[in-house]
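Heads up: the structure comes next, in structure tokens.
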Amino acid sequence: MPIYVEETFKVIENLHQQGVTILLVEQNARKALTAADRGYVLETGEIVLSDQAEKLALNPRSKRPI
């Protein structure tokens, strides 16, 4: 439900501003990368990409469907 997603990301952003480290596993990579400092892309349990969130969001390989 979209309203729960928005509320969850508000809480995550608030915690992030307080300096709390968060491990977020999320299928919506675009949304998750807006709240992240760093990101990792997994395919079948293997890390295939990792970078700063801004760079990873621009990487065409991170945008392709699995």
Pairs, please: C-beta under 6 Å, at least 6 apart or cross-chain, first residue within 16 Å of A36 (Cα to Cα) and in segment 1-13, second at pLDDT below 90?
F9/A35; I12/A35; E13/A35
Which of the residues spanning segment 18-59 are surrounded by 10 or more Cβ atoms within 10 Å (Cβ to Cβ) and in a strand (DSSP E or B)?
R38, G39, Y40, V41, L42, V48, L49, S50, D51, Q52
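The values are calculated or read from the model by the stated rules, or taken from the named source; none is laboratory data. The shown structure was predicted, so the numbers you read here are calculated from the model rather than taken from an experiment. FYI the Cβ positions are ideal-geometry reconstructions off the backbone, even for glycines, and counts take in every protein chain you see.
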